[in-house]
Amino acid sequence: MTEPRRPPVRRRIARRFESLAAENRAGLVTFIMAGDPTPDFSLELMKGLPAAGADLIELGMAFTDPMADGPAIQAAGLRALKAGITLQKTLEMVRAFRAGDDDTPIICMGYFNPIYKYGVEAFLADAVEAGVDGLIVVDLPPEEDEELCLPALSRGMNFIRLATPTTDDRRLSVVLQHTSGFVYYVSIAGITGTQSVPAAHVAAALERIRRHTDLPVAVGFGIKTPLDAGSIAAHAEGVVVGSAIVDQIAQGLDDDGRPASDLVDKVLSFVASLATGVKQARS
């Protein structure tokens with residue numbers, strides 16, 4: 001009996017990294033939390049990210065117990081939930097973004113519980129229809145691939161795995177077995193946004209990962225400034241910035257949690273500075 005044919009894997013992520021390689025530069029991967037501090041604000045910000053220099057967008061799926069996230073992203077998720085964000089509204093946000101941008105890759109990042117409550121098959125069907133290209137679900141290890149990873153791949157969606165400084169070669173081969181799109185290298189041992197990147201160690205870590213895979217490697221956790229971004233972009237195919245962007249949002253809220261009228265522009269200006277650091281790294 002022959003296996004049913006899988007639909008082709010979505011190509012936006014692959015095309016973007018191919019384009020970046022042709023330009024001999026790394027890509028800037030920006031993380032924002034869907035719904036932070038309001039759904040309207042985050043959609044406006046998301047729509048502005050590509051023009052500001054974001055090459056790929058990670059869109060956070062708010063969850064009440066984000067165990068891998070530091071204080072900044074935890075607070076962003078709580079603000080989003082307070083503002084009424086749901087997983088369905090997150091996908092509607094992707095759909096609205098796709099109405100004006102069919103090129104920028106979108107990766108939804110979060111935890112399995114909201115997806116499980118939504119229903120895995122229903123979520124994947126809606127995510128594909130909305131225009132999501134990949135998933136990062138940090139609390140599902142490879143041993144649980146049948147829960148979400150394999151169904152996502154069967155839908156043609158990329159499933160991105162995380163590797164860390166403590167992932168040895170034996171474990172790395174397991175982590176990479178069903179990884180697609182790119183590998184996300186967590187450059188520090190800990191939660192997001194709490195430490196600086198030990199840039200001197202990144203090149204050696206990437207060399208080791210590349211002995212196991214031809215996939216692009218994006219590096220994240222602890223990248224806070226254009227200088228940080230540039231130092232990583234000299235070695236990696238992608239540079240992920242999340243907490244520093246979320247901090248920019250938090251700093252622009254009043255005592256009632258309302259964003260300043262110019263906050264979108266200020267955040268996009270910060271993203272543009274990160275993009276400049278990334279683009280100049282190999283010049």
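The values are calculated or read from the model by the stated rules, or taken from the named source; none is laboratory data. Fair warning: this is a prediction, and the values are worked out from it, not measured in the lab. Counting neighbours? That spans all protein chains shown, and the Cβs are built from the backbone with ideal geometry, glycine included.
Of everything in the range 112-139, what is in a loop (DSSP other than H, G, I, E, B) and either acidic (Asp, Glu) or touching an Asp or Glu at 6+ places or on another chain (Cβ under 6 Å) (or both)? Give them in sequence order.
Asp133, Asp139
Could you go through the range 77-94 and let me know if any residue there is in contact with a Pro (Cβ under 7 Å, 6 or more places away or on another chain), surrounded by fewer than 22 Cβ atoms within 10 Å (Cβ to Cβ) and closer than 21 Å to Ser19 by Cβ.
The answer is no, given that none of the residues of the range 77-94 is in contact with a Pro (Cβ under 7 Å, 6 or more places away or on another chain), surrounded by fewer than 22 Cβ atoms within 10 Å (Cβ to Cβ) and closer than 21 Å to Ser19 by Cβ.
Yes/no per residue for (1) outside any loop (DSSP other than H, G, I, E, B); (2) over 15 Å from the mean Cα position of the chain (by Cα):
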residue	(1), (2)
Phe17	yes, no
Ala21	yes, yes
Asp36	no, yes
Glu44	yes, yes
Pro50	yes, no
Thr64	no, yes
Ala72	yes, yes
Phe97	yes, yes
Thr104	no, no
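Here's a check for you: in the range 29-43, which residue that is among the hydroxyl-bearing types (Ser, Thr, Tyr) and surrounded by 24 or more Cβ atoms within 10 Å (Cβ to Cβ) is farthest from Ser273 (Cα to Cα)?
Checking each candidate, the answer is Ser42.
Output the number of the condition that Asp55 fails; it satisfies all remaining conditions of (1) acidic (Asp, Glu); (2) more than 17 Å from Gly100 (Cα to Cα); (3) buried (at least 22 other Cβ atoms within 10 Å of the Cβ).
(2)
What residue, of Lys117, Lys47, is free of Cβ contacts under 8 Å to residues at least 40 places away in the same chain, in contact with a helix residue (DSSP H, G or I) (Cβ under 9 Å, 6 or more places away or on another chain) and among the basic types (Lys, Arg)?
Within the list Lys117, Lys47, the selection yields Lys117.
Can you find a residue that is polar (S, T, N, Q) and touching a Phe, Trp or Tyr at 6+ places or on another chain (Cβ under 7 Å) anywhere in the range 163-181?
yes
Among the residues of the range 143-160 satisfying the criterion of being touching a residue at least 40 places away in the same chain (Cβ under 8 Å) and assigned to a helix (DSSP H, G or I), which is nearest to the chain's Cα centre (by Cα)?
Leu153
Being surrounded by fewer than 18 Cβ atoms within 10 Å (Cβ to Cβ) and modelled with pLDDT of 95 or more is the filter here; which residues of the range 7-28 pass it?
Of everything in the range 7-28, those that are surrounded by fewer than 18 Cβ atoms within 10 Å (Cβ to Cβ) and modelled with pLDDT of 95 or more turn out to be Arg15, Glu18, Ser19, Ala21, Ala22, Glu23, Asn24.
Test Ala80 against the stated conditions and say whether it is of a type outside the set (D, E, K, R), in a helix (DSSP H, G or I), at pLDDT 95 or above and farther than 24 Å from Arg11 by Cβ.
So Ala80 fits the description; yes.
Tell me, yes or no, whether the range 239-260 has at least one residue that is assigned to a loop (DSSP other than H, G, I, E, B), buried (at least 17 other Cβ atoms within 10 Å of the Cβ) and within 19 Å of the chain's Cα centre (by Cα).
So far as the range 239-260 goes, yes, one or more of its residues are assigned to a loop (DSSP other than H, G, I, E, B), buried (at least 17 other Cβ atoms within 10 Å of the Cβ) and within 19 Å of the chain's Cα centre (by Cα).
I'm trying to understand the selection: among the residues of the range 199-238, which are in contact with a helix residue (DSSP H, G or I) (Cβ under 7 Å, 6 or more places away or on another chain), assigned to a loop (DSSP other than H, G, I, E, B) and under 22 Å from Glu58 (Cα atoms)?
Listed by number, the residues that qualify are Pro216, Ile223, Lys224, His235, Ala236, Glu237.
Test Ala236 against the stated conditions and say whether it is in contact with a Leu (Cβ under 8 Å, 6 or more places away or on another chain) and of a type in the set (A, V, I, L, M, F, W, C).
Answer is yes for this residue.
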